[in-house]
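To keep things clear, I will list the structure first and then write my remarks on it.
The values are calculated or read from the model by the stated rules, or taken from the named source; none is laboratory data. Quantities reported herein were computed from a predicted structural model and do not represent experimental measurements. In this analysis, Cβ positions are derived from the backbone assuming ideal geometry, glycine residues included, and neighbour counts consider all displayed protein chains. The protein model used for the area step is the full one, side chains on, heavy atoms only, and it has no ligands, DNA or RNA in it. Shrake-Rupley method; radii C 1.70, N 1.55, O 1.52, S 1.80 Å.
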Amino acid sequence: MNAATMSDSSSVANGPKSEIYEALTSIRLIDPHSHINPHSPASTTLADVLGYHYYTELAHSAGMPKSQIEDKAIGPKELVERLVGGLQPLENTAQYSWLIEICRTFFGFEEDRLHLNNWEALYDRSESIMASAQWSETVLDQSNVQAVFLTNDFDDALEGFDTETYIPCLRTDDLVFHLAKPEVRGRLAACTGIELDGSLESLRSSLKQRFEHFVSRGARACAISIPPTFTPTPMGDGRASTALNAVLQQGISADASHRDALARRVFWTLAELCDEFGLPFDLMIGVNRQVYPEGVFQGQDLYDSRVSLIQYRELFNSFPNVKFPVSVLASVTNQELVSYAWIFPNVITNGHWWYSNTPSFIARDAAARLEAVPQTKQIGYYSDAYKLEFIWPKFDMYRKVLSGVLADQFVVDRGWSVERAVELGRKVLRDNVEEIFPLPKGATNSTSEKDSSDKADAPNAGVESLGALGVATAVAGVTEVLDYGSTPSVEETQQVEIESDELESLDVDALPADEEVQELGVDDVELLDDSVSSETSDEQLESLVDDEPLDVGNLLDDETPSEPITQLRGESSFSPDDDSLQLEADPNTGEFTLPVGDDDDDDDHVIITESDDSYSSSDESPVERTDPTAETVEELEEFDLDFLSDDGDEPAKES
């Protein structure tokens, strides 16, 4: 089932809203924030779906004891049975609608309620479907999703997954707020190879190393979740150094003022590194942790209204080149976010986070953003999902709300065309994600698990930098390296020198395709593949035979002998012996000569030269007179060659 098929069952009214919604479902998405584990991105059982914190916290809120939900002794199937038994009070919630939509879309569920009489058949069927080795790819395809941003711990190796589909993002909460914990410092030292020695240089070096690691593997953002009490401001070196040393010596027992000062220094350094590496700094502002300690896992955190973006004014002013996508936990903070995005060029509205992620809040907040914030500064939505199956229903909820806002406020009220409204929806759904989170310089963004530095050190690194077209061009013998769509010119021609052993090690097609040749823009070039032997017809062979055969004499009939062999210089005979076959080097010219006369006659030699195939003796002859080597010998005889002696201290004698 594809996205278009799934949209057919969606309850969206006819008219502009329906047209806009249908168009928005065809947009292939990039989810700019999730908690997906790239090594296990999709669910394996229905327990992975119902175990999402939205259902466990709502079921607990409706009266199910925490002990029944987090009982480690039970298996996934029993957990699902327990949670299904507590779902009835949740049927009115938006989260319950996500659950039903997942079951219908991916597992063929045809009912509108999940209860104790139908859950087991669904469980078994879904488990069989999820067992497919391609299940993750299937979910992405059916959800019309191209890529998903991750939330990666700072010490994540970022190996073993496709970083083009699962895009890394550096999460920095532990570095800012938990560096006093010995285990966090140990993780930082282990992944960077840099021990914090009390100097601010060691702190910055370790943080910079993490940026280098993440950016080289295709990371698109740095992100952090921030409590409402935190105010990011710069911290002087003296105070920061005192705080760092106090934390290193006392750990979590260090005074709160030291821990806060260090947190602000680390945060500010992260902002500086975002500026240096060109990464957006994704801020999720306003969460209080463990407000309800007795709640289920991930169901303990809440917001309050004390947070204000005025706390971030110095940050926004100090880093004008850093993009700050901002998420606020409460809808009541949305107007302030709209105002800051209205004024600050580097503040961007980002998604509808957590307790604001229900249709009524989304409708109000999205409408306020669309009517007040430049359209290029809005990231419409992100899933915040832990499993891939949730991306579809959550984005679909947003698309329905967005379609209504675009239809009512832009098509009906302002008289926009449906096409124009869809373009606005496309911008906030997809286009802005690519513009605001571009691939940074120095990133590899490939499926390879090797470090980009390994590639740079590889023998063929220079060839690889040409790209596929450049390599194919160089191998084929075309020496012009052109940008796509450029017009070749003499001035732009670049010579590419590639060693033959390097070319042999490349796994490339030496014969470019027609499309590649056309892209080069080089006319009158014909490329032939001579690697495949061609068959020659009898007629072609006959045309290649000379009409008059070569007369080589009678080689078989002894009665009619061939013409006698004429000696080179008219000798009557030549009987070679061991001495006569020894080549001798001329002491003046270095030429190799072959003796042909008496042993005592040193002047009788056949001269062998590299410049002429002729043989000649030292006797004056036409051959020797026309040989340029002879002239060279005569010139050399005019010089005294004593300067070639081993004694370099004695000056050369004049002739």
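Listed values, structure above:
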read-out	value
Some residue of region 290-301 being touching a residue at least 12 places away in the same chain (Cβ under 8 Å) and under 16 Å from D173 (Cβ atoms)	yes
Selection status of A261, in contact (Cβ under 8 Å) with a residue 60 or more places away in the chain and surrounded by 15 or more Cβ atoms within 10 Å (Cβ to Cβ)	no
A157 exposed (fewer than 15 other Cβ atoms within 10 Å of the Cβ) and not in a helix (DSSP H, G or I)	yes
T163 vs. criteria touching a residue at least 60 places away in the same chain (Cβ under 8 Å), of a type in the set (S, T, N, Q), under 22 Å from M284 (Cβ atoms) and in the same structural domain as D255 (by the TED database)	no
Scope region 49-100; condition part of a loop (DSSP other than H, G, I, E, B), surrounded by 17 or more Cβ atoms within 10 Å (Cβ to Cβ) and without any contact (Cβ under 8 Å) to a residue 24 or more places away in the chain; matching residues	M64
Single residue of N288, N317 found to be open to solvent by less than 70 Å² (accessible area, probe 1.4 Å), of a type outside the set (A, V, I, L, M, F, W, C) and assigned by the TED database to the domain that holds Y386	N288
Some residue of region 343-350 being touching a His at 6+ places or on another chain (Cβ under 9 Å), assigned by the TED database to the domain that holds Q375 and within 30 Å of S97 (Cα to Cα)	yes
Of the criteria (1) under 27 Å from the mean Cα position of the chain (by Cα); (2) open to solvent by 50 Å² or more (accessible area, probe 1.4 Å), which one R113 fails	(1)
Search result, residues across region 14-37 that are in a loop (DSSP other than H, G, I, E, B), open to solvent by 20 Å² or more (accessible area, probe 1.4 Å) and at pLDDT 95 or above	S26, R28, H35, N37
Residues that are farther than 16 Å from S40 by Cα and either over 16 Å from the mean Cα position of the chain (by Cα) or surrounded by 20 or more Cβ atoms within 10 Å (Cβ to Cβ) (or both), drawn from region 130-152	D141, Q142, S143, N144, V145
Residue list for region 291-310, filter: open to solvent by 30 Å² or more (accessible area, probe 1.4 Å) and in contact with a Phe, Trp or Tyr (Cβ under 8 Å, 6 or more places away or on another chain)	Q300, L302, Y303
Hits in region 210-256 - residues which are touching a strand residue (DSSP E or B) at 6+ places or on another chain (Cβ under 7 Å), open to solvent by less than 30 Å² (accessible area, probe 1.4 Å) and either β-branched (V, I, T) or farther than 26 Å from G193 by Cα (or both)	I224, S225, I226, P228
Verdict on D384 being within 23 Å of F149 (Cβ to Cβ), of a type in the set (D, E) and not in a loop (DSSP other than H, G, I, E, B)	no
Qualifying positions in region 160-176 - of a type in the set (S, T, N, Q) and buried (at least 20 other Cβ atoms within 10 Å of the Cβ)	T163, T172
Every residue from region 198-209 that is in contact with a Leu (Cβ under 8 Å, 6 or more places away or on another chain) and either among the aliphatic types (A, V, I, L, M) or in a helix (DSSP H, G or I) (or both)	L200, S202, L203, S206, L207, K208
Selection within region 381-397 - open to solvent by 10 Å² or more (accessible area, probe 1.4 Å) and either out of contact with any Asp or Glu (no Cβ under 7 Å at 6 or more places or on another chain) or on the phi > 0 side of the Ramachandran plot (or both)	D384, Y386, M397
Lone qualifier among V148, V176 - being of a type outside the set (S, T, N, Q) and not in a helix (DSSP H, G or I)	V148
Test result for D141, of a type outside the set (G, A, S) and part of a helix (DSSP H, G or I)	yes
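Here's the yes/no breakdown for (1) among the hydroxyl-bearing types (S, T, Y); (2) not assigned by the TED database to the domain that holds F395:
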site: Y123; (1), (2): yes, yes
site: T138; (1), (2): yes, no
site: N144; (1), (2): no, no
site: F149; (1), (2): no, no
site: D155; (1), (2): no, no
site: C169; (1), (2): no, no
site: T172; (1), (2): yes, no
